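One structure is given below, encoded as structure tokens.
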Amino acid sequence: MNAIMSRKAWAWALYDWANSAFPTVVSTFVIAAYFTQGIAADAATGQAQWGWMQTMAGIAIALLSPVLGAVADAGGRRRVMLLLCTVVTSVATGLIWYATPGPDSALWALVCVGIATVGFELGTVFYNSMLPQVAPPERLGRISGLAWGLGYAGGLACLLISLVLLVQPNPSPLGLDRDAAEHVRATALLVSVWMLAFGWPVLLALPDPPPPRPGWGVSVRHGLAEIWGVLRRLPHNPVMGRFLLARLFYTDGLNTLFAFGAIYAAGSFGMGFEEILMFGIALNVTAGLGAAGFGMIEDRLGARETVLVSLGALLLLGTGVVLTDDKTVFWGLAMALGLFLGPAQSASRSLMAHLAPPEEVSAHFGLFALSGRITGFLGPAVLALVTTATASQRAGMATVLGFIALGAVILATVKIKKR
């Protein structure tokens, strides 16, 4: 039994390795930069278009994730729906290859990335909801943390292969035309293949319940009834409600930190593109190590306590990052800060797995996804307003600490009963 569980947990964790290539290569480093620098009419237009695309994708994710999570619960089809989301993400990502340089390709690129983003985020709902299937309650934190660390490693591995094999060589050993940006566009093909190549073990190791299962129409009706019931009961479940509210705020802070960290480093410390890339790689390495390391002790410490410790460290180190003028000190503080980024996220996942009723776990992970998206505009908006009002990047970046602090305060009021 232990060996079977171990294989299931490994297969489940490997999906983190597979799907993390998408946010690392497409959303953060390579394709996002290619869109603003190589496709859009100018950098400002590109940033605005990319932002609107992410906003529309976020709205779709917020609307669909709780409902589809409930449908998966009602029909017993988490694996099938994870497969569909993985294929959609992979195909849409691969089609970015056809986004040639120039504004004429802007709409195509935005549609492809938008569809892939929705598929990726919806897939995480069904993936995360499988966590209780691969680990008993006393080992949720360890497996979640190790998987999250494996995800950071997978994203970085795909990024490094992209840089070494595709982006940097000139001339390209694969005959890629740099004038047509084929060396950059090929990274989308790599991510597409990467997801399919490493994402399949979980689909074999964690099958859906055997037939008979209700038809799709019945599943949809039951799923809608389930999510309505979950939402109706939420005001009477203060522990779950406060946790989701807390996560809403500190996730806004973390997402804003990821989105604007490179911009802050470039503007405040004069980092060029290559140094920014090395900074991002180093930060992801420490985040992965932190997620895996804390995962080993989270089950003893407690998921809630792990998140609180991580948020407290982020506040302390983040304050130093905002106040320092020394680039070396900034690097050191940022790398230390990275150690607590992963645990704050991985322990949140295992905490939701502890709190969610087993028969409604996908629906609750849909709400989990919703709490990370519904106010995703708020952190960047506050940062932009403060930066504009004060003409100071430091003042704007300091608003991130306010979101993290508010989330930590609310989470401190959440009392967890062991199951």
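The values are calculated or read from the model by the stated rules, or taken from the named source; none is laboratory data. Predicted, not measured: the structure shown is a model, and the values here were computed from it. Cβ atoms come from the backbone with ideal geometry, glycine included; neighbour counts cover every protein chain shown. Calculation scope for accessible area: heavy atoms of the full protein, side chains included, ligands and nucleic acids excluded. Shrake-Rupley method; radii C 1.70, N 1.55, O 1.52, S 1.80 Å.
Of note:
- Close pairs (7 angstrom Cβ cut-off, 6 or more residues apart or separate chains): free of Cβ contacts under 8 Å to residues at least 24 places away in the same chain in the stretch 236-255, in a helix (DSSP H, G or I) anywhere: Gly241/Leu234; Gly241/Pro235
- Any hit, the stretch 30-40, residues being open to solvent by 50 Å² or more (accessible area, probe 1.4 Å) and free of Cβ contacts under 8 Å to residues at least 60 places away in the same chain: yes
Conditions (1) at pLDDT 90 or above; (2) out of contact with any Phe, Trp or Tyr (no Cβ under 7 Å at 6 or more places or on another chain); (3) outside the structural domain of Leu283 (by the TED database); (4) closer than 16 Å to Ile410 by Cβ, marked per residue:
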| residue | (1), (2), (3), (4) |
| --- | --- |
| Leu311 | yes, no, no, yes |
| Leu314 | yes, no, no, yes |
| Ala336 | yes, yes, no, no |
| His354 | no, yes, no, no |
| Ser371 | no, yes, no, yes |
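- Residue within the stretch 274-289 that is open to solvent by 20 Å² or more (accessible area, probe 1.4 Å) and under 30 Å from Pro238 (Cα atoms) present: no
- Test result for Ile115, without any contact (Cβ under 8 Å) to a residue 60 or more places away in the chain, over 25 Å from Ala57 (Cβ atoms), open to solvent by 20 Å² or more (accessible area, probe 1.4 Å) and of a type in the set (A, V, I, L, M): no
- Qualifying position, being over 19 Å from the mean Cα position of the chain (by Cα), open to solvent by 20 Å² or more (accessible area, probe 1.4 Å) and within 23 Å of Val26 (Cβ to Cβ), among Leu150, Leu165: Leu165
- Leu146 vs. criteria assigned to a helix (DSSP H, G or I), over 19 Å from Ile281 (Cα atoms) and in contact (Cβ under 8 Å) with a residue 40 or more places away in the chain: no
- Residue that is modelled with the lowest pLDDT, among those in the stretch 186-222 that are in a loop (DSSP other than H, G, I, E, B) and open to solvent by 50 Å² or more (accessible area, probe 1.4 Å): Pro212
- Against the test of being modelled with pLDDT of 80 or more and either under 23 Å from Asn128 (Cα atoms) or of a type in the set (S, T, N, Q) (or both), the options Ala72, Ala32, Ala9, Ala40 yield a single qualifying residue, Ala9.
- Lone unmet requirement of (1) modelled with pLDDT of 85 or more; (2) under 15 Å from Leu131 (Cβ atoms); (3) open to solvent by 20 Å² or more (accessible area, probe 1.4 Å); (4) not charged (D, E, K, R) for Asn19: (3)
- Among residues of the stretch 93-105 being of a type in the set (A, V, I, L, M) and either open to solvent by less than 10 Å² (accessible area, probe 1.4 Å) or within 27 Å of Met352 (Cβ to Cβ) (or both), the one that is farthest from the chain's Cα centre (by Cα) is Ala99.
- Subset of the stretch 166-181 (residues that are free of Cβ contacts under 8 Å to residues at least 24 places away in the same chain and either assigned to a helix (DSSP H, G or I) or under 17 Å from Leu196 (Cα atoms) (or both)): Arg178, Asp179
- Residue match in the stretch 152-165 (condition: more than 30 Å from Glu359 (Cβ to Cβ), of a type in the set (Phe, Trp, Tyr) and either modelled with pLDDT under 90 or not assigned by the TED database to the domain that holds Gln49 (or both)): yes
- Answer from Pro171, Pro132 - the residue that is out of contact with any helix residue (DSSP H, G or I) (no Cβ under 6 Å at 6 or more places or on another chain) and either open to solvent by 40 Å² or more (accessible area, probe 1.4 Å) or within 22 Å of Thr24 (Cα to Cα) (or both): Pro171
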